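Undergrad: Here it is, the structure in full.
What follows is calculated from the coordinates using simple rules that are stated; it is not laboratory data. Quantities reported herein were computed from a predicted structural model and do not represent experimental measurements. Counting neighbours? That spans all protein chains shown, and the Cβs are built from the backbone with ideal geometry, glycine included.
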Amino acid sequence: MGKIFALLSGWLLTLIYIGIFSMINIFASGGIVNNKNLSEFTQGVLNASIFIIPVICIISAMLMTIGYFHNSQIVYRWLLLPPAVFIIWIIILLLFSKFS
């Protein structure tokens, strides 16, 4: 019972990641686009990130679930993937806002 609760808690955490990261990403990307004259490539990257970040969160939750059913010892480390990707994305946003 405890392991299934941990798995469901991981999925809940992933849903929270999706909501928070998407909201921050949308507003930060919108702020950069409104204040800068960006190239088509940069705008495309910002637009794609709105969809990529939630997909990465869902993929990490699915990998966590697959690892759970295969009794992997590192199952819950997949929950570290979305924050790591998001931190990298924040660095990329800062570079776009500074050099564009």
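Undergrad: Pick out the one residue from Tyr76, Tyr68 that is in contact with a Lys or Arg (Cβ under 8 Å, 6 or more places away or on another chain) and not polar (S, T, N, Q).
TA: It is Tyr68.
Undergrad: Would you be able to tell me the number of residues in the range 25-36 that are among the β-branched types (Val, Ile, Thr) and free of Cβ contacts under 8 Å to residues at least 24 places away in the same chain?
TA: 1
Undergrad: Another question about this same structure. Does Ala61 count as out of contact with any Ser or Thr (no Cβ under 8 Å at 6 or more places or on another chain), of a type in the set (A, V, I, L, M, F, W, C) and assigned to a helix (DSSP H, G or I)?
TA: When the stated conditions are applied, Ala61 does not pass them.
Undergrad: Moving on to the next point. Among the residues of the range 60-68, is any more than 20 Å from Ser22 (Cβ to Cβ) and of a type in the set (A, V, I, L, M)?
TA: Going residue by residue through the range 60-68, those that are more than 20 Å from Ser22 (Cβ to Cβ) are 65-68.
With the extra rule that they be of a type in the set (A, V, I, L, M), the set shrinks to 66.
Yes, the range 60-68 contains at least one residue that is more than 20 Å from Ser22 (Cβ to Cβ) and of a type in the set (A, V, I, L, M).
Undergrad: Please identify the pairs in which a residue from the range 5-18 that is over 11 Å from Tyr76 (Cα atoms) has its Cβ atom under 6 Å from the Cβ atom of a residue that is among the β-branched types (Val, Ile, Thr), counting only partners at least 6 apart or on another chain.
TA: Within 6 Å, no pair qualifies.
Undergrad: Continuing with the same structure: Restricting to the range 43-57, count the residues that are of a type in the set (S, T, N, Q) and buried (at least 16 other Cβ atoms within 10 Å of the Cβ). Break it down into steps so the answer makes sense when it comes.
TA: Residues of the range 43-57 of a type in the set (S, T, N, Q): 43, 47, 49.
Filter once more, keeping what is buried (at least 16 other Cβ atoms within 10 Å of the Cβ): 43, 49.
Residues flagged as of a type in the set (S, T, N, Q) and buried (at least 16 other Cβ atoms within 10 Å of the Cβ) within the range 43-57 amount to 2.
Undergrad: Can you find a residue that is exposed (fewer than 15 other Cβ atoms within 10 Å of the Cβ), without any contact (Cβ under 8 Å) to a residue 60 or more places away in the chain, within 26 Å of Met1 (Cβ to Cβ) and among the β-branched types (Val, Ile, Thr) anywhere in the range 81-88?
TA: Taking every residue of the range 81-88 in turn, none turns out to be exposed (fewer than 15 other Cβ atoms within 10 Å of the Cβ), without any contact (Cβ under 8 Å) to a residue 60 or more places away in the chain, within 26 Å of Met1 (Cβ to Cβ) and among the β-branched types (Val, Ile, Thr).
Undergrad: Something else: Can you go through Ser39, Ser60 and tell me which one is exposed (fewer than 12 other Cβ atoms within 10 Å of the Cβ) and touching a residue at least 40 places away in the same chain (Cβ under 8 Å)? Before you say what the answer is, go through the steps one by one.
TA: Working: Ser60 fails: exposed (fewer than 12 other Cβ atoms within 10 Å of the Cβ).
Step by step, each of Ser39, Ser60 is checked, and only Ser39 is exposed (fewer than 12 other Cβ atoms within 10 Å of the Cβ) and touching a residue at least 40 places away in the same chain (Cβ under 8 Å).
Undergrad: Which condition breaks for Leu95 when tested against (1) loosely packed, with under 15 Cβ neighbours inside 10 Å; (2) within 17 Å of Ser9 (Cβ to Cβ)?
TA: Result: Leu95 fails condition (2) only.
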